[in-house]
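Asker: One structure, pasted below without further comment.
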Amino acid sequence: MSWVTKTLKSTLGRKLIMALTGLFLILFLTGHVSGNLLLFKGDGGEAFNMYAKFMTTNPAVKLLSYLTYISVIGHVIYSITLNRLNKSARPIGYAESGASTNSTWSSRNMGILGTIILVFLAGHMYSFWFQMHWGDVPTVTYAGEEYKDLYSVVQVAFQQVWMVALYVVAMTFLGFHLSHGFDSAFQTLGLNHKKYSPAIKTLGSIYCVLVPVLFASMPLYIYFTS
């Protein structure tokens, strides 16, 4: 299996892992935002609380959760490694690089964007995921079955203007990060062709706007309607 180790340690192998973990996290974001849309249902949080319980008790979902954690860690580690390799390969930048004309702002600042998103994710996990599992969350009963009322936790959190502002800003950074990562992942996997690359670029452009906007709309909706 030495060839596997050599491949994973190579620059190409690292980029491949970055692409695969990135696409997996894109799938996770799609599922996460779809479930969180239940916050708009207007049923006092019943559907959202049922969804939250399902997501934290179903064995298959738990397995996917572990894969998500591994993907996040792997994505971060390999991004740091690749960034260091790129710097070591060219420790002194070109005098006239023309970076602003040869690449997008998001592609030149993926490290910064990723770091900001990671810090936000840590706070987000503590505020909701940690509280759901080990926090003092009130309970509600639907049809004789008890559920943790995560909906009330979300309501309290998003009635604070600083929390709403932080969330919206973080989703803006997420959009920039996705705008480069989506297209870059497909290129790394060799899935670029003149026939379908335009469709991938269009899908990526729509995705990197739609998903962050949907996420950002939730705290705004709760803040202005509560």
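The values are calculated or read from the model by the stated rules, or taken from the named source; none is laboratory data. Note that the structure is a prediction, hence the values are computed from the model and not measured. For neighbour counting, all protein chains shown are included, and Cβ atoms are generated from backbone atoms with ideal geometry for every residue, glycine included. With ligands, DNA and RNA removed, areas are computed over all heavy atoms of the protein, side chains included. Shrake-Rupley method; radii C 1.70, N 1.55, O 1.52, S 1.80 Å.
Asker: So, in segment 5-26, how many residues would count as being among the β-branched types (Val, Ile, Thr) and surrounded by fewer than 15 Cβ atoms within 10 Å (Cβ to Cβ)?
Answerer: The qualifying residues number 3.
Asker: Starting from segment 48-71, take each residue that is of a type in the set (Val, Ile, Thr) and list its partners that are open to solvent by less than 90 Å² (accessible area, probe 1.4 Å), counting only C-beta distances under 6 angstrom and pairs at least six apart or across chains.
Answerer: Sorted first by the residue in segment 48-71, then by its partner, the pairs are Val61/Met55; Thr68/Phe28.
Asker: Could I ask something else about it? Any residue in segment 71-85 that is at pLDDT 90 or above, of a type in the set (Ser, Thr, Tyr) and assigned to a helix (DSSP H, G or I)?
Answerer: Yes; the residues of segment 71-85 include at least one that is at pLDDT 90 or above, of a type in the set (Ser, Thr, Tyr) and assigned to a helix (DSSP H, G or I).
Asker: Filter segment 55-70 for residues that are hydrophobic (A, V, I, L, M, F, W, C) and surrounded by 12 or more Cβ atoms within 10 Å (Cβ to Cβ) and give the result.
Answerer: The answer is Met55, Val61, Leu64, Leu67, Ile70.
Asker: Quick one: would you say Ser107 is open to solvent by 30 Å² or more (accessible area, probe 1.4 Å), under 21 Å from Leu39 (Cα atoms) and within 22 Å of the chain's Cα centre (by Cα)?
Answerer: no
Asker: Is there any pair with a first residue in segment 154-182 that is in contact (Cβ under 8 Å) with a residue 40 or more places away in the chain and more than 15 Å from Leu118 (Cβ to Cβ) and a second that is open to solvent by 60 Å² or more (accessible area, probe 1.4 Å) and outside any helix (DSSP H, G or I) whose Cβ atoms are under 9 Å apart and which are 6 or more apart or on different chains, and what are they?
Answerer: So the pair list comes out as Gln155/Ser226; Phe158/Ser226; Gln159/Ser226; Ser179/Thr104; His180/Thr104.
Asker: For segment 37-47, name all the residues that are outside any helix (DSSP H, G or I) and either open to solvent by 70 Å² or more (accessible area, probe 1.4 Å) or in contact (Cβ under 8 Å) with a residue 12 or more places away in the chain (or both).
Answerer: Listed by number, the residues that qualify are Lys41, Gly44, Gly45.
Asker: Considering only residues of segment 110-137 that are open to solvent by 70 Å² or more (accessible area, probe 1.4 Å) and under 19 Å from the mean Cα position of the chain (by Cα), which is farthest from Met55 (Cα to Cα)?
Answerer: If we take residues in segment 110-137 being open to solvent by 70 Å² or more (accessible area, probe 1.4 Å) and under 19 Å from the mean Cα position of the chain (by Cα), then Ile112 is farthest from Met55 (Cα to Cα).
Asker: Please work out which one of (1) open to solvent by 40 Å² or more (accessible area, probe 1.4 Å); (2) modelled with pLDDT of 90 or more is the condition Leu29 fails and give its number.
Answerer: Failed condition: (1).
Asker: Name the one entry in Ala216, Ala199, Ala157 that is open to solvent by less than 70 Å² (accessible area, probe 1.4 Å) and over 23 Å from Met55 (Cα atoms).
Answerer: It is Ala199.
Asker: Can you name every residue in segment 184-208 that is within 23 Å of Met171 (Cβ to Cβ) and of a type in the set (A, V, I, L, M, F, W, C)?
Answerer: Once the filter is applied, which keeps residues that are within 23 Å of Met171 (Cβ to Cβ) and of a type in the set (A, V, I, L, M, F, W, C), segment 184-208 yields Ala185, Phe186, Ile200, Leu203, Ile206, Cys208.
Asker: Can you give me the ranges of the helices (runs of 4 or more DSSP H) entirely in segment 138-226 with at least 3 residues that are under 20 Å from Gly35 (Cβ atoms) and within 13 Å of the chain's Cα centre (by Cα)?
Answerer: Ranges flagged: 161-188, 197-225.
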